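As structure tokens, the structure follows; a few thoughts come after it.
The values are calculated or read from the model by the stated rules, or taken from the named source; none is laboratory data. Predicted model only: the values in this text are computed from it and were never measured. Note that we place each Cβ from the backbone using ideal geometry, even for glycine, and neighbour counts take in every protein chain shown. Quick note on the areas: whole protein, heavy atoms, side chains included, nothing else; ligands and nucleic acids left out. Shrake-Rupley method; radii C 1.70, N 1.55, O 1.52, S 1.80 Å.
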Amino acid sequence: MSGAFNPAGRWLSIIGIGEDGLAGLSDAARTLIAQAVLVVGGRRHLDLVAGVTTGGTLAWPSPPQAGFPAILELRGLPVAVLASGDPFFYGIGSLLAHAVPPDEMICLPGVSAFSLAAGRLGWALQDCTLVTLHGRALERIVPALQPRNRVLALSWDGTTPAKLAALLVRHGFGDTLMTVCEAMAGPHEQLRGATACDFDIADIAPLNLVALDIPDSRGARAIPLTPGLPDDWFEHDGQLTKRDIRAVTLSALAPRRGELLWDIGAGSGSVGIEWMLADSANRAIAIERDQARAGRIARNAASLGVPDLRIVQGAAPEALDGLPVPDAIFIGGGSRGDGVIDAAWAALRPGGRMVVNGVTIETQAELTSRFKALGGDLTTIQISHADPVGGFHGMRPALPVTQWSVTKP
């Protein structure tokens, strides 16, 4: 692609449109729509531009990718795609970019709903947490629920605000001020507010955004920004990497943005969950052979704001076959001589990290042997907690954990 922008040869136009319809579009955008042999968009968008379209129209199917073949069949002819606001901000643009090279498209973005809401409320957009709940699990907002935080969340439909209010109350943020911003920039725009605990707003337009002004809610369950969530935040049957050991383990795994973790023998899923909480782009696969524990993992992941955690029910190493290549692997409980470590090591990408924890002397011997053969770090972690001793207290040690961590050359 040359350094200068040249619209020649760019047959696909992606145009951001607001609720004000044609009135909010530039002359260039109107011309591109009028010249298109096909205009694609939501039914609402197509109605807004009905006065200028001269070619065919296509309302997005579900999923929208099902409409891509019709667009690609017209490659080289002028096609216009309409999207709400900024098409490359939680919009259709990024999906289309996987099918059409950037030098074949031109994008004329509109004003995003986030910008409109921030302007209406007088909030500095760069200081807000931006979340979309459209087509996504409601629980994804949980990590953003922080004291003194402001959140702008795109809703899925008109039922989202009430569901979000109930979630806020469950997590102890009932005093959060919620402002529902409906049909912004259009003739039916309205902003209505209520606290989460007293939420009673009804007849909400499907196109809405919810702004959360979260106070310093004492007693609320805010996800900390460091690893080591309290143990009682996880549903478990005793198969849980305890808080202190978990914090050390996450440090050794060293999560980086966008990386994939295999959590083998996941138990309650705590390590994989905290890996994903480290960054919203992180992914994890929890491999767990026990059906009841797999169910607990799913509930824990949803409760703690990472409902996209993938769960594979099955026993390693067989359950590892066909999984995407990991950037890091955690094995809890060590090796039972069943080939799990060997299979995991073979699957790990070069430069990836593997961490194995064990508490038995047999596992300690296994990890010592691995350390001698492959290097890395071999550490004993000993944690003690205060416990009653008669009328006093003493430090009662937990079983020491042997941890082997290594980076694959």
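Could you please find all residues in region 96-142 being among the β-branched types (Val, Ile, Thr), closer than 25 Å to residue 282 by Cα and not in a helix (DSSP H, G or I)? 129, 131, 132 - these are the residues of region 96-142 that are among the β-branched types (Val, Ile, Thr), closer than 25 Å to residue 282 by Cα and not in a helix (DSSP H, G or I). Among the residues of region 237-250, just one is touching an Asp or Glu at 6+ places or on another chain (Cβ under 7 Å), part of a helix (DSSP H, G or I) and not basic (Lys, Arg), namely 250. In region 187-236, the residue that is farthest from residue 129 (Cα to Cα) out of those that are within 25 Å of the chain's Cα centre (by Cα), among the small types (Gly, Ala, Ser) and not in a loop (DSSP other than H, G, I, E, B) is 196. Considering (1) over 13 Å from residue 12 (Cα atoms); (2) touching a helix residue (DSSP H, G or I) at 6+ places or on another chain (Cβ under 9 Å); (3) open to solvent by less than 30 Å² (accessible area, probe 1.4 Å), the lone condition that residue 40 does not fulfil carries the number (1).
Report yes if some residue within region 50-57 is open to solvent by 50 Å² or more (accessible area, probe 1.4 Å) and in contact (Cβ under 8 Å) with a residue 24 or more places away in the chain; otherwise report no. There is at least one residue in region 50-57 that is open to solvent by 50 Å² or more (accessible area, probe 1.4 Å) and in contact (Cβ under 8 Å) with a residue 24 or more places away in the chain. The set of residues in region 154-177 that are within 15 Å of residue 193 (Cβ to Cβ), open to solvent by 40 Å² or more (accessible area, probe 1.4 Å) and of a type in the set (Gly, Ala, Ser) contains only 162. Filter region 183-199 down to the residues that are open to solvent by less than 60 Å² (accessible area, probe 1.4 Å) and under 21 Å from residue 222 (Cβ atoms) and list them by number. Residues satisfying the conditions are 195, 196, 199. The listed residues are 283, 243, 256, and the only one of them that is among the charged types (D, E, K, R), open to solvent by 20 Å² or more (accessible area, probe 1.4 Å) and in contact (Cβ under 8 Å) with a residue 40 or more places away in the chain turns out to be 256.
Restricting attention to region 205-231, the residues that are open to solvent by less than 20 Å² (accessible area, probe 1.4 Å) and either of a type in the set (S, T, N, Q) or over 30 Å from residue 243 (Cα atoms) (or both) add up to 6. When 151, 180 are checked against the criterion of being buried (at least 17 other Cβ atoms within 10 Å of the Cβ), among the β-branched types (Val, Ile, Thr), within 18 Å of residue 115 (Cα to Cα) and in contact with a Lys or Arg (Cβ under 9 Å, 6 or more places away or on another chain), 180 stands alone in meeting it.
Residue check: is residue 77 touching a residue at least 40 places away in the same chain (Cβ under 8 Å), over 20 Å from the mean Cα position of the chain (by Cα), within 30 Å of residue 55 (Cβ to Cβ) and crowded, with 19+ Cβ neighbours inside 10 Å? Judged against the criteria, residue 77 is not a match. The criterion of being outside any loop (DSSP other than H, G, I, E, B) and crowded, with 21+ Cβ neighbours inside 10 Å holds for residue 356. Across region 306-330, the number of residues qualifying as small (Gly, Ala, Ser) and surrounded by fewer than 21 Cβ atoms within 10 Å (Cβ to Cβ) comes to 4. Pairs linking a residue in region 332-345 that is under 13 Å from residue 356 (Cβ atoms) to a residue that is modelled with pLDDT under 90, with Cβ atoms under 7 Å and 6 or more positions apart or on different chains, are 341/335.
If we keep just the residues of region 87-113 that are of a type in the set (A, V, I, L, M) and under 24 Å from the mean Cα position of the chain (by Cα), which is least open to solvent (accessible area, probe 1.4 Å)? Once the filter is applied, the top-ranked residue is 96.
Selection of first residues in region 363-374 that are open to solvent by 70 Å² or more (accessible area, probe 1.4 Å) and of second residues that are of a type in the set (Asp, Glu), restricted to Cβ pairs under 9 Å at least 6 apart or on distinct chains, gives the following pairs, ordered by first then second residue: 371/377.
Only residues that are at pLDDT below 95 and surrounded by 18 or more Cβ atoms within 10 Å (Cβ to Cβ) were counted in region 114-148, giving 0. Just to be sure, is residue 271 under 29 Å from residue 136 (Cβ atoms) and assigned to a loop (DSSP other than H, G, I, E, B)? For residue 271, the condition - under 29 Å from residue 136 (Cβ atoms) and assigned to a loop (DSSP other than H, G, I, E, B) - is not met.
Filtered by the rule that a residue be without any contact (Cβ under 8 Å) to a residue 60 or more places away in the chain and in contact with a helix residue (DSSP H, G or I) (Cβ under 6 Å, 6 or more places away or on another chain), region 134-151 gives a lone residue, 138. Being in contact with a strand residue (DSSP E or B) (Cβ under 7 Å, 6 or more places away or on another chain) and at pLDDT below 95 narrows it down to one residue among 332, 339, 391, 352; which is it? Exactly one of 332, 339, 391, 352 is in contact with a strand residue (DSSP E or B) (Cβ under 7 Å, 6 or more places away or on another chain) and at pLDDT below 95, namely 332.
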